[in-house]
Amino acid sequence: MFKSAIAIMEGTKAALMAIKANAMRSALTCLGIIIGVAAVVTVVAVMQGFTKQINDQLADMSPDVTNIKPYTSMEKGMVGQQAKLTYNDFLTLKARVKEAETFTAVMLTWRFSGAAEYGNKSHASRVMGTEQNYQKAYRIYPELGRFIRAEDDEKRRRVAFIGPSIIDKLNLPENPVGEYIKLGGEWFRIIGVAEKQGSFLGFDQDDYINIPISTMSALEGGSVDTNVQMMFRLKDDANETQVLGKIRRILRQLHKLKDGEDDDFEFETAEKARANIDKFTGSATAITAGIVGISLVVGGIGVMNIMLVSVTERTRVIGTLKALGATPGFIMLQFLVEAVVLSLFGGLIGLAIGYGAAALISVLVPSMPDAYIPGWAILLSFGFTSLIGIVFGLAPAIKAARLNPIDALRYE
């Protein structure tokens, strides 16, 4: 054990001396590894930055809220059928699902998909029909004024709660509460302004207008078939599986679905959304890193070629060492350590360059999240570069170890 440790130390020392003696060649040898690791780290840092930002934002977006969305199968979509949840579905579920602490809905219609107007300014914003429980579900707090109340919904008042970006988009007064804006050809009085949330992946989360859902439905002709998206938060003592089963039975009955027919709706939670995003970004990272990782293999081949040249150049030195009693294992170890050190050195530089490039991208590109390198990526980088050094350094090391000392000493 002690002799092995001494051999490793001596082999490492000899390898470092050889690298120092051929500094330029060693640097060129590392170049392929540096480029490969830098490319992989840049991709991982950018993609993981996206993932971290998304997860952080989703953590603040009521992870205990479950969404009910329309779901259209591919077969039905191909024949022009489109599933939807209606305002009538919402009213029925809200009345019958007593296990929900909060049950609310969002309505979007074509009539209100146009521009919001104020004075001589107009802006195409997201206009959503909501009710008071929407505030509870998503914890939206007013900076100015108030949110939509039950009486606004019951009396179908033409009032609007706006995101802070609307103030700038429509050139509204600093405190716009009490001002009137035009939506879908109808006038609405502003009753409140939400707290600022900022952007999410370049998407302005503060660019929206909420009006009472009953008002939107009435202006659409009072149709109960208007499409909605529902969301709810369960009470602490409610059994989620049982409640979802109950909602499923009610909706299937309302939609007159027969036994064996697929649901035309689906449940989605923030956790599910996070899992889907993690799956997507993970796959994208793996595929992209795999593609640029090919350059690491090319860099490994470069290490092997240079090491083979190094063996040829140091043939007489190897012969001298063997004549003085150096074992084949010591000779092999020396060249193997040299290859690993070169690979690790290239990996370290590549890691620094890759992180720097990712950080530069996040600064130069608007709305790009901060670069983030998880611990596993660092360990993987050094582990992979070490593996490259071992794999591609093995052939030259074995060749050096097998040289006949007499032939090596005669080598010109």
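The values are calculated or read from the model by the stated rules, or taken from the named source; none is laboratory data. Values in this document were obtained by computation on a predicted structure and should not be read as measured data. Cβ placement follows ideal geometry from the backbone for every residue including glycine, while neighbour counts extend to all protein chains displayed. For the accessible areas, the whole protein counts, side chains as well, though only heavy atoms, and no ligand, DNA or RNA atoms are used. Shrake-Rupley method; radii C 1.70, N 1.55, O 1.52, S 1.80 Å.
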**Complete:** Filtering helices (runs of 4 or more DSSP H) wholly in segment 121-222 for at least 1 residues that are in contact (Cβ under 8 Å) with a residue 60 or more places away in the chain and within 21 Å of PHE103 (Cβ to Cβ) gives 132-138, 150-154, 213-219
**Asked** Here are some residues: LYS98, LYS69. Which one is more than 22 Å from LEU219 (Cβ to Cβ), among the basic types (Lys, Arg), over 31 Å from the mean Cα position of the chain (by Cα) and not in a helix (DSSP H, G or I)?
**Response** LYS98
**Output for segment 96-114, where each listed residue is under 23 Å from ARG249 (Cα atoms), touching a strand residue (DSSP E or B) at 6+ places or on another chain (Cβ under 9 Å) and open to solvent by 30 Å² or more (accessible area, probe 1.4 Å)** = GLU99, GLU101
**Asked** Just checking, how many residues over segment 251-265 are open to solvent by 100 Å² or more (accessible area, probe 1.4 Å) and not acidic (Asp, Glu)?
**Response** 3
**Message:** Out of SER199, SER223, I need the residue that is within 23 Å of ALA115 (Cβ to Cβ) and modelled with pLDDT under 85. Which one?
**Reply:** SER199
**Request:** Specify the residue that is modelled with the lowest pLDDT; the eligible residues are those in segment 60-91 that are of a type in the set (Ser, Thr, Tyr) and touching a strand residue (DSSP E or B) at 6+ places or on another chain (Cβ under 9 Å).
**Result:** SER62
**Request:** Within segment 261-275, track down each residue that is within 18 Å of PHE232 (Cβ to Cβ) and either among the polar types (S, T, N, Q) or at pLDDT below 70 (or both).
**Result:** THR269, ALA270, GLU271, LYS272, ALA273
**Asked** Mind checking which pairs have a first residue in segment 304-325 that is touching a residue at least 12 places away in the same chain (Cβ under 8 Å) and a second that is in a loop (DSSP other than H, G, I, E, B) and not aliphatic (A, V, I, L, M), Cβ under 6 Å, 6 or more apart or different chains?
**Response** THR315/TYR411; ARG316/TYR411
**Request:** Considering each of SER386, SER381, SER362 in turn, give the residue that is in a helix (DSSP H, G or I), out of contact with any Cys (no Cβ under 8 Å at 6 or more places or on another chain) and over 22 Å from THR29 (Cβ atoms).
**Result:** SER362
**Message:** Which numbered condition in (1) in contact with an Asp or Glu (Cβ under 9 Å, 6 or more places away or on another chain); (2) open to solvent by 50 Å² or more (accessible area, probe 1.4 Å) is the only one that ILE167 fails?
**Reply:** (2)
**Message:** Quick check on VAL363: is it among the β-branched types (Val, Ile, Thr) and more than 26 Å from the chain's Cα centre (by Cα)?
**Reply:** no
